[in-house]
Amino acid sequence: MADNDRAPKHTRQKEYTPLQYERIVKLRKQHLRCGKTKLHILYRQLYPVDANISEWKVQCIIQSAGLYYNAQKQGKINRKRKRANVKKRITELKQKPKLGYLICLDSIVRYWCGKKRYILTAIDKHAKIAFARMYNSHSFLTAEDFLNRLHYLLDGQIQNIQTDNDSEFQKHFERGCRKLKLDRYYSRVRTPKDNGSNERFNRTLQEEFIAFGNMTNDTILFNQKLADWLVEYNYHRPHQSLDYLSPIQFAQKYGRVSEMWSSSTHT
């Protein structure tokens, strides 16, 4: 004969209200290292009209919400918050219709014949003048090299730059920004619209250049062909957002562009 089920037929229920749950969770987050007894005392001090809540209910809410202190996890959260507080987000910058006021940067990763190539891209937010260059690696040094080339091509007419939060835009790239006295702003995490101009240029580059048989692992050859395409893009291609002027034509109305821009793209 099988043993009878010995589990109690009537178990103790977690009898707390949604309001009590909300209050305890909020209090626990403020005092993550406090135990149920201390939280119980703090709760009764804050909400004397609801002082009949028991320590057991406090413990049940903590358990249900999973609000337990984890030193390693909390340390990671603190470091992430610290980095986020240091970064200036693009939403803090007041936009101005001025050439070179804001240059937006991004990158494209392409796989070709078993190899990985990286294309760094940049575009002027106002005049839509664009630049791009392929590299064999996605390192700090390539990002700094790209920034120096961009600064040279635009004749130093850069005030602010915008990047995402990827690793290639750190360390040496940050050093390059300080050296060139550029204010740097970051896109918000998981917010592509913050860098919409560059996202659109990346799409155009892939659809109107790479997709037309110009992809190769030979970075020298690729960059030579890309330079010719960039001259066409900036000097001759009409842009709807610029009232069907080319970026250079538009820029001539609102700012100075280096006369050596065309030849410089081939360096």
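What follows draws every value from the coordinates through simple rules; no lab data is involved. Every value quoted in this text rests on a predicted model; they were computed, and no experiment measured them. All Cβ positions, glycine included, derive from the backbone under ideal geometry; neighbour counts span all protein chains shown.
Couple of notes before you dig in:
- Residues whose amide H comes within less than 5 Å of that of TYR16, counting only those at least five positions distant or on another chain, are absent (H built at 1.01 Å from N in the peptide plane).
- Distant-in-sequence amide contacts of ARG89, defined by a placed amide H-H separation under 5 Å and a gap of 5 or more residues or a different chain, comprise TYR186.
- A simple count of charges around LEU245, restricted to other residues whose Cβ falls under 14 Å of its Cβ and scoring Lys, Arg +1 and Asp, Glu -1, yields +1.
- Pairs of Cα atoms nearer than 8 Å and 6+ residues apart set the relative contact order; for region 18-71 it is 44 percent.
- Pairs beyond 32 Å (Cα-Cα), from LYS125/LYS179; LYS98/LYS225; LYS36/LYS88; LYS57/LYS87; LYS76/LYS125: LYS36/LYS88; LYS57/LYS87; LYS76/LYS125
- Spin-label pair GLN159-ARG175: with each label point 7 Å from Cα along the Cα-Cβ axis, the two points sit 2.9 nm from one another.
- Sequence-separation-based contact order of region 90-264, relative, with Cα cut under 8 Å and 6+ spacing, percent: 24 percent
- Förster radius 51 Å - calculated FRET efficiency between LYS87 and GLN224 (Cβ-Cβ, nearest 0.05): 0.90
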